Amino acid sequence: MARFGVTAKEYSKLHEKNGLYARPFRMHDGTELKKTKRAALALVKDAEALGKMRRTRNEIVHNVASRQGSKAVASLKTQKVEATQVPYVPRSMKNALLQRQNWNETAELLRNERNKELEEAIQVLKDWYLLLVHAAGLVFEFEYWKRINK
């Protein structure tokens, strides 16, 4: 918006399909001086990475948010299938104890897998937010140099 001197609404219409993040920083105004151009060029790299990472972040957030619901639906389906089996044959105490041990091992494996997945997702999000912080600094620098005409 600072580069083109337009409102947020005008800017989003102008760039919604043309690379919302990086495009403005590739375009150079002939009146821009050295420091403004340098900040804009530094922003191109960050803006391109942010555009790519945005989709990944959205997928991570969606997967994490919808996982519990998906698991609940799967559990209900399994319970329904088991409840409709005829004739019902109860488990023996020996089988129940063996299954309990297997369940504990399975639960531990699932916990470890989930923790690893969450750690990886958190690292991706952390990298994304650190890039946002860096890009925000460059945006403020660009806007400042543009405003004072440097």
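Being open to solvent by 80 Å² or more (accessible area, probe 1.4 Å) and modelled with pLDDT under 85 is the filter here, so list the residues in segment 42-62 that pass it.
Lys52, Arg54, Arg55, Glu59, His62, listed by residue number.
Residues in segment 64-101 that are among the polar types (S, T, N, Q) and modelled with pLDDT under 80: 6 in all.
Quick one: would you say Glu119 is surrounded by 11 or more Cβ atoms within 10 Å (Cβ to Cβ) and not hydrophobic (A, V, I, L, M, F, W, C)? The answer is no for Glu119. With the structure loaded, tell me whether Arg38 is under 19 Å from the mean Cα position of the chain (by Cα), surrounded by 10 or more Cβ atoms within 10 Å (Cβ to Cβ) and not small (Gly, Ala, Ser) or whether it fails that test. The answer is no for Arg38. Do we find a residue being farther than 30 Å from Pro24 by Cβ, of a type in the set (D, E, K, R) and either over 21 Å from the mean Cα position of the chain (by Cα) or open to solvent by less than 90 Å² (accessible area, probe 1.4 Å) (or both) anywhere in segment 124-135? No, segment 124-135 contains no residue that is farther than 30 Å from Pro24 by Cβ, of a type in the set (D, E, K, R) and either over 21 Å from the mean Cα position of the chain (by Cα) or open to solvent by less than 90 Å² (accessible area, probe 1.4 Å) (or both). Within segment 72-89, restricting attention to residues that are farther than 30 Å from Thr56 by Cα and open to solvent by less than 90 Å² (accessible area, probe 1.4 Å), the residue that is nearest to the chain's Cα centre (by Cα) is Thr78.
The values are calculated or read from the model by the stated rules, or taken from the named source; none is laboratory data. Note that the structure is predicted; figures quoted are calculated from it, not measured. Because the Cβ atoms are built from the backbone with ideal geometry, glycine has one as well, and the counts that use them run over all protein chains shown. Protein only, heavy atoms only, side chains kept; ligands, DNA and RNA dropped before computing areas. Shrake-Rupley method; radii C 1.70, N 1.55, O 1.52, S 1.80 Å.
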